[in-house]
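Report on one structure; see the data block that follows.
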Amino acid sequence: MNPSFDIKQYLIKNEPYYQAQTNEVVLYEAAYAARLPLMLKGPTGCGKSRFVEHMAWKLGKPLITVACNEDMTASDLVGRYLLDANGTRWLDGPLTLAARHGAICYLDEVVEARQDTTVVIHPLTDHRRTLPLDKKGELVAAHPDFQLVISYNPGYQSLMKDLKQSTKQRFAAMEFDYPTADLETAIVSKEAGTDAETAARLVKIAEVARNLKGHGLDEGISTRLLVYAATLIKRGIAAPDACRMALVRPITDDADIRDTLDHAIDAVFVE
């Protein structure tokens, strides 16, 4: 443990823009008040991460975010010994830092992590609220302000990439989806600083793509990508080119799907 470590560096100073869809803010506040571990379920780019950032800011709590991946080991989460000029020293991982100092720890897309890695979170998600550091021989008792939040995309469920029931049933869960057309238009307009008409047209294209999910597309166009397209348009890129670059090319290499979406773009932005 580094005595000079300051958890305040993880405080979010400026309010992250987030437009509530229903009562998710109230639900999160109740979950945090009880320090319940929380699972956020929903498609890629629908606002889960932004929501966590907004809630950490609203509650005035530090937020430590971990982007999970298939190469992540348990040591990447909890910590490891490092060699330096004086021998070896222990370096806390992000999960240990959050538990020790009272931050919200957000494991983004936790299903990407190996199952033998995710089991290390189990003792933090029940009555024990502890984190064993086996290599160090220490049992970290979670700080009273600590909360664990994970995000999970059910659209990517498979035998190889899914959470075990023993993990799922340790969390309360909130479901997210893409916003309604009117709300998404307002979000895109606000985030990209573009006019409402352009934002509404982009949302129409997204609706076409989302209707293709399961019929050639693994995922629809995310709100995040709509903001990218609107940003390019605002910078002077022709709308059809911006849409192909930000909305179509990132999500598919299938020629038929690409052509279908390109036609939708031409139809929506026809002069």
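Structure notes:
- Count - residues of segment 179-226 that are touching a residue at least 40 places away in the same chain (Cβ under 8 Å), part of a helix (DSSP H, G or I) and of a type in the set (Val, Ile, Thr): 6
- Members of segment 82-100 that are within 22 Å of SER151 (Cα to Cα) and in contact (Cβ under 8 Å) with a residue 60 or more places away in the chain: LEU97, ARG100
- Failed criterion for GLN169 (all others in (1) surrounded by 15 or more Cβ atoms within 10 Å (Cβ to Cβ); (2) under 25 Å from PHE51 (Cβ atoms) hold): (1)
- The set of residues from segment 203-225 being under 21 Å from ALA255 (Cα atoms) and among the hydrophobic types (A, V, I, L, M, F, W, C) comprises ILE205, ALA206, VAL208, ALA209, LEU212, LEU217, ILE221, LEU225.
- Checking each residue in segment 17-40 for being surrounded by 13 or more Cβ atoms within 10 Å (Cβ to Cβ), closer than 10 Å to PHE51 by Cα and either among the aromatic types (Phe, Trp, Tyr) or modelled with pLDDT under 95 (or both) picks out TYR18, GLN19, ALA20, TYR28.
- Subset of segment 237-254 [part of a helix (DSSP H, G or I) and either in contact with a Lys or Arg (Cβ under 7 Å, 6 or more places away or on another chain) or of a type in the set (Lys, Arg) (or both)]: ARG244, VAL248
- Residue within segment 130-138 that is in contact (Cβ under 8 Å) with a residue 12 or more places away in the chain, basic (Lys, Arg) and either in a loop (DSSP other than H, G, I, E, B) or closer than 28 Å to GLN19 by Cβ (or both) present: yes
- None of ALA20, ALA56, ALA34 is free of Cβ contacts under 8 Å to residues at least 12 places away in the same chain and within 18 Å of the chain's Cα centre (by Cα) except ALA20.
Residue-by-condition table, conditions (1) in contact with a Pro (Cβ under 6 Å, 6 or more places away or on another chain); (2) hydrophobic (A, V, I, L, M, F, W, C):
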position: ASN14; (1), (2): no, no
position: ALA31; (1), (2): no, yes
position: VAL66; (1), (2): yes, yes
position: SER75; (1), (2): no, no
position: ALA98; (1), (2): no, yes
position: CYS105; (1), (2): no, yes
position: ALA113; (1), (2): no, yes
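- Any hit, segment 149-172, residues being at pLDDT below 90, part of a loop (DSSP other than H, G, I, E, B), over 21 Å from the mean Cα position of the chain (by Cα) and farther than 26 Å from ILE104 by Cβ: yes
The values are calculated or read from the model by the stated rules, or taken from the named source; none is laboratory data. Predicted model only: the values in this text are computed from it and were never measured. When we count neighbours, we look across all protein chains shown, and the Cβ atoms used for this are built from the backbone with ideal geometry, even at glycine.
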